[in-house]
Amino acid sequence: MWDYTEKVKEHFYNPRNTGPLEGANATGDVGSISCGDALRLMLKVDPVTEIIQDAHFQTFGCGSAIASSSALTEMVKGMTLDEAKQISNQDIADFLDGLPPEKMHCSVMGREALHAAIANYRGEEWSDDHEEGALVCKCFAVDSQMIEDTIRANKLSTVEEVTNYTKAGGGCSTCHEPIEEILTKVMAERGETFVPAGAKKAKPAVAEAAPAKLGTLARIRKIEEVIAAVRPTLLADRGDIELVDIEGKNILVNLSGACSGCQMEAATLAGIQTKMIEALGEFVRVVPAAKAQAHACASHAHGG
Amino acid sequence: MSTPTPIYLDNNATTACDPKVVEAMLPYFTEQFGNASSMHSFGNKVGVALKAARTKVQKLLGAEFDSEIVFTSCGTESDSTAILSALKAQPDRKEIITTVVEHPAVLSLCEQLEKEGYTIHRLKVDNKGGLNLDDYAKVLSDKVAVVSVMWANNETGTYFPVVEMAEMANAAGVLFHTDAVQAVGKIDINLAATKIDMLSVSGHKLHAPKGIGVLYVRRAVRFRPLLRGGHQERGRRAGTENAPSIIGLGVAAELAMEAMEHERTYVKALRDKLEAGILAVVPHAFVTGNPDNRLPNTANIAFEYIEGEAILMLLNKQGIAASSGSACTSGSLEPSHVMRAMGIPYTAAHGTVRFSLSRYTTEEEIERVITAVPPIVAQLRKLSPYWGENGPVADPEKAFAPAYA
Ligand SMILES: Cc1ncc(COP(=O)(O)O)c(C=O)c1O
Ligand code: FES
C-alpha cells in the first residue's frame, strides 16, 4: 500500500466539490482512460473580477488522483485566474502534505487541468507540453521520458551527466542500471555506443589531484567557499545551508527548507560532501548539526 | 469508529502461515539449531527432519524420487535456476519459449537474456487467457533450450495445459519447466505421470513461510546449479539449508494435501458465490480469464470506468484486502501485462480487482464482501467523468475530450 499522508486519505475518502458544476464557464479536461487517469475540472468564473467563485471536478483515477483533484478545487476557490495560474504541482502536493514520488504525476495532472480550464475560459488553445514515461528514479521522481529528452537535447553520455542535469541517480543510486539502458538506447540513435564508466567509476584517487595540505585558516576559507557555492542551488529549491562548526574531519551544517524527504536530504549532503572533498583534497564528512531536527523533518515528509 | 474485522482475500499474493506450520518450525530455531551437515547429534536430528520434509513435498508433487526435490530460497530463485540451468547445460541452444503472461520472475529474466543475445518466443493468449498450441508447435525445435510456461496464472487463475505441452516438448527433445507457484497446494499434481522436467514452488503461497521454495528436477535431467559451494541439496543448491522453513514447508505440504478436497469444493463454491453475488448487482463488470478453466480460489473481476487502486483503498477501509492489476498500484503507467495480453479494453483494465480465497475463508466473509463492493463501485463511478447518471456516458472516449491526445 502506498504511504499516503493523512491529508491525502482524508481528501480521497471525503472528496470535496465532486460532480458536474451548475453554471460552469470554464472546463479543463486532461488525461485519458487508457492512461489510467483522467480529470475534468470545472470552474465558475466571475466575468468582471475573474475570481473563481466555485470549482468542481470529476476524476477517473487512483486515490491520489482523486485527492489531488479535490485539493485543487479547494485551493483555487476565491483566487483570480491569474493567481490560480501560479499554482504549481508542488503546491498541490504540499497542500496534501506530500505525495509519494510515483504519484507526483497526479499533481501534475491537476495543474494541467487548471491551465486547460483557464485557456478554455479565455478562448485560447492550450496544449500539453509534457509527456510522461515510467518512473525511473524514485529518489527524485524523474521519469524515463524526462531522462530521454534530456540526454537527447544535451548529448549526454554518462550516468553522472544524467544526474547533473536531471538529479536522477543522485540519491541511493539503485536506478543506475535503468539509466544506463536509456543511455544505451538514446546514444544508439545518434550512432554512438554507451561505454559504462567501469574503471572510471572507481573514482580517480582523491590524493592524485589533491593540492598540498591546507593550513587551518585556508581550510576554513575553502569550506566556506564551497558552502557559498552550493547555496544558490539550495535557495532555488527553497532550502538553505549554514556552516555550524568544523570538528576535524566532520563538517557540521544546518540544512533547512526543501527537506522534502530524508533521501533528498542525504543526497544533498552527499553532493556537498563530494564537492568538499574535491576542494580540500582530503576526506571529510558533511553531517547535519542537529540530527534530531533532521529526523523530525523526515518523519514529517512521510506523514504516517 | 470500530475497525471491522479484517477479511483477507489476497492469498495469491501471499498466505498466512498455518499455526501448525509455525509450531513445527519453532524448535528448529532453539534447541534444534544444528547444521544438518555436521558430524554430531545437534546436526543429525535436523538432517532427519529435513529428510522427512523432503518426502512430504515429494508426495505433494507426486514426484517419483525424493532426490528430485531441491530446496531454494523462493519461487523466483527456482524459476531462475531452472531457466539458467537449461541454458548452461545446452550451450548450443539459444532459444527459449515462454508466454506473454508469465510472472515477472520469468519475464524479466527472459528480457535480460534477450539483451544477451538469446531468442525469446513469447506465446500470445486469447481474450480468455488461453494459448494456441499450434503456435507453440511451430516454435518447438532443437534450437530451443527450455520451455517455461506457468501452470496457473497468478492474476486470473487460468490454467495452461502444461501436461500436454510437456508431452509436446518431450517429443521434440526440448526441456520443459513450469512455474507452478500458484497451482501447487491448490490442485492435484502427479509429476511422475507427466513429462514435466522442472517445476517451481513457493512456500508462502501454501501457508508455509516466505523465503522458501522448491525446484523439482526430474531424475537424469541435465542440471547446472545457480549457486555453487557446499554439497547441500546434493550439490545442486549450495548454502546451509534453511532448516526451520524447509520443515515448515513439509508440514504445509501435508496440510495442503488434507485440504485439497475442501479447496476443490468449498473454496470454489465460495468463490463462485462471490462472483455471482457481485455481478448480479454491479453493471458493467465481468470476470477476466477463463471461468471454466482456472484455480478454485481466484476471482478476477473488471469494473469498468473506475480505477483499481481507488477500489482497493475503499475496500481496505472496510478491512477487506484484495489486489488490482491497475497501473497505479504498481507505480507504472500501464495496467497489468496479463490484462493487456488478453486484450481487456482500457476502460476495464485499470479497474480489475483480484479476490483470492484460501481454506480459511468463510461464507460470512464472502457475504460481507458481496455487500461491500456495489456501493464502492457506485461511489467511484459517481466521481468518474466517464460515467453519467445511470451508465457510462455515450462514447466515453469522445465525450471526454482533453485538449491533447
Ligand atoms: C506465478 C508466480 N511465480 C513466481 C512467484 C514468485 O515467488 P516468490 O515470491 O517466492 O519469489 C510468484 C509470487 O508472487 C507467482 O505468483
Ligand atoms: S532511485 Fe534514483 S537515486 Fe535513488
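Per the listing B:187, B:196, the residue uniquely open to solvent by 20 Å² or more (accessible area, probe 1.4 Å) and touching a helix residue (DSSP H, G or I) at 6+ places or on another chain (Cβ under 9 Å) is B:187. When residues of region B:135-174 are filtered for being of a type in the set (Ser, Thr, Tyr) and either out of contact with any Ser or Thr (no Cβ under 8 Å at 6 or more places or on another chain) or not assigned by TED's automatic domain parsing to the domain that holds residue B:93 (or both), how many remain? Of the residues in that region, 4 qualify. Give B:56, B:20 a once-over and let me know the one that is crowded, with 18+ Cβ neighbours inside 10 Å, charged (D, E, K, R), touching a residue at least 24 places away in the same chain (Cβ under 8 Å) and closer than 18 Å to residue B:254 by Cα. Just one listed residue meets the conditions, B:56. In region A:105-194, counting only helices (runs of 4 or more DSSP H) that sit wholly within it, the ones holding 1 or more residues that are within 14 Å of another protein chain (Cβ to nearest Cβ) span A:144-154, A:176-189. For region A:81-97, the count of residues that are within 14 Å of another protein chain (Cβ to nearest Cβ), more than 16 Å from ligand 1 (Cβ to nearest atom) and among the acidic types (Asp, Glu) is zero.
When the residues of region A:87-105 are filtered to those that are within 16 Å of ligand 2 (Cβ to nearest atom) and among the charged types (D, E, K, R), the one that is surrounded by the most Cβ atoms within 10 Å (Cβ to Cβ) is A:103. Within region A:57-77, being of a type in the set (S, T, N, Q), more than 16 Å from residue A:132 (Cβ to Cβ), within 10 Å of chain B (Cβ to nearest Cβ) and not in a strand (DSSP E or B) holds for A:69, A:70.
Count of region B:67-98 residues, restricted to those that are of a type outside the set (A, V, I, L, M, F, W, C) and more than 14 Å from ligand 1 (Cβ to nearest atom), is 10.
Across region A:70-97, the number of residues qualifying as under 15 Å from residue A:117 (Cα atoms) and in contact (Cβ under 8 Å) with a residue 24 or more places away in the chain comes to 11. Among the residues of region A:106-134, the one identified as open to solvent by less than 10 Å² (accessible area, probe 1.4 Å) and of a type in the set (S, T, N, Q) is A:107. Residues satisfying the criterion are absent from region B:296-307 (criterion: out of contact with any helix residue (DSSP H, G or I) (no Cβ under 9 Å at 6 or more places or on another chain) and either open to solvent by 10 Å² or more (accessible area, probe 1.4 Å) or of a type in the set (Ser, Thr, Tyr) (or both)). Could you tell me whether any residue of region B:34-47 is within 16 Å of ligand 1 (Cβ to nearest atom) and open to solvent by less than 30 Å² (accessible area, probe 1.4 Å)? Within region B:34-47, none of the residues are within 16 Å of ligand 1 (Cβ to nearest atom) and open to solvent by less than 30 Å² (accessible area, probe 1.4 Å). Could you list, in sequence order, all residues of region B:59-69 that are part of a helix (DSSP H, G or I) and surrounded by fewer than 17 Cβ atoms within 10 Å (Cβ to Cβ)? Answer for region B:59-69, where residues must be part of a helix (DSSP H, G or I) and surrounded by fewer than 17 Cβ atoms within 10 Å (Cβ to Cβ): B:59, B:66, B:67. For region A:30-56, filtered to residues that are touching a residue at least 40 places away in the same chain (Cβ under 8 Å) and more than 8 Å from every other protein chain (Cβ to nearest Cβ), the residue that is surrounded by the most Cβ atoms within 10 Å (Cβ to Cβ) is A:41. On inspection, residue B:265 does not qualify as of a type in the set (S, T, N, Q), assigned by TED's automatic domain parsing to the domain that holds residue B:73 and surrounded by fewer than 21 Cβ atoms within 10 Å (Cβ to Cβ).
Entry remark, region A:1-29: residues being of a type outside the set (Val, Ile, Thr) and either open to solvent by 50 Å² or more (accessible area, probe 1.4 Å) or more than 30 Å from residue A:123 (Cβ to Cβ) (or both) number 17 in total. Considering only region A:106-146, state which residues are over 15 Å from residue A:3 (Cβ atoms), in contact (Cβ under 8 Å) with a residue 60 or more places away in the chain and within 16 Å of ligand 2 (Cβ to nearest atom). Answer for region A:106-146, where residues must be over 15 Å from residue A:3 (Cβ atoms), in contact (Cβ under 8 Å) with a residue 60 or more places away in the chain and within 16 Å of ligand 2 (Cβ to nearest atom): just A:140. The residues of region A:164-201 that are at pLDDT below 85 and open to solvent by 80 Å² or more (accessible area, probe 1.4 Å), listed by number, are A:199, A:200, A:201. For region B:330-344: of the residues being at the interface with chain A (Cβ under 9 Å from one of its Cβ atoms) and surrounded by fewer than 24 Cβ atoms within 10 Å (Cβ to Cβ), which is modelled with the highest pLDDT? Once the filter is applied, the top-ranked residue is B:334. When residues in region A:150-163 are screened for being within 13 Å of ligand 2 (Cβ to nearest atom) and open to solvent by less than 20 Å² (accessible area, probe 1.4 Å), 2 of them pass.
The values are calculated or read from the model by the stated rules, or taken from the named source; none is laboratory data. Just so we're clear, the structure is a prediction, and the values are computed from it rather than from any experiment. Note that we place each Cβ from the backbone using ideal geometry, even for glycine, and neighbour counts take in every protein chain shown. Each accessible area value is taken on the protein alone, full model and side chains, heavy atoms only, with ligands, DNA and RNA left out. Shrake-Rupley method; radii C 1.70, N 1.55, O 1.52, S 1.80 Å.
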